[in-house]
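What follows is one structure encoded as structure tokens, with my remarks underneath.
The values are calculated or read from the model by the stated rules, or taken from the named source; none is laboratory data. Keep in mind that what you see is a predicted model, and the values were worked out from it rather than measured.
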Amino acid sequence: MNNIEEIAQDNLNKQQTLDILKSDVLERISAIVQMKMSYEELHKKYQKLSDMYSPHRIRDCLKEAALRADEDAEVIAEKFLLDIWRKELHPIIFKY
């Protein structure tokens, strides 16, 4: 019976250590959950930026910008030529 009492007392003494270890494990699990949530949020931001600055996206944006610039240049050239025609050539043609 003495042996059983010693084992029971030893178990009671270890209970405090087990409670401390259990608390430590719960804190670590909580920290891991927070890190996982932070990782997922950062990963979403990374994915968004990665998609935005991918070589294919940059190429497509450059193509669009080049097309717009070409169209704008044509409009400017047409206006310029029309102004020249109105100011210089138009009066000469109707003069004769």
Checked 63, 87 against criteria (modelled with pLDDT of 95 or more and of a type in the set (D, E, K, R)); the one match is 63
For the stretch 38-49 the number of residues that are hydroxyl-bearing (Ser, Thr, Tyr) and either at pLDDT below 95 or over 10 Å from the mean Cα position of the chain (by Cα) (or both) is 2
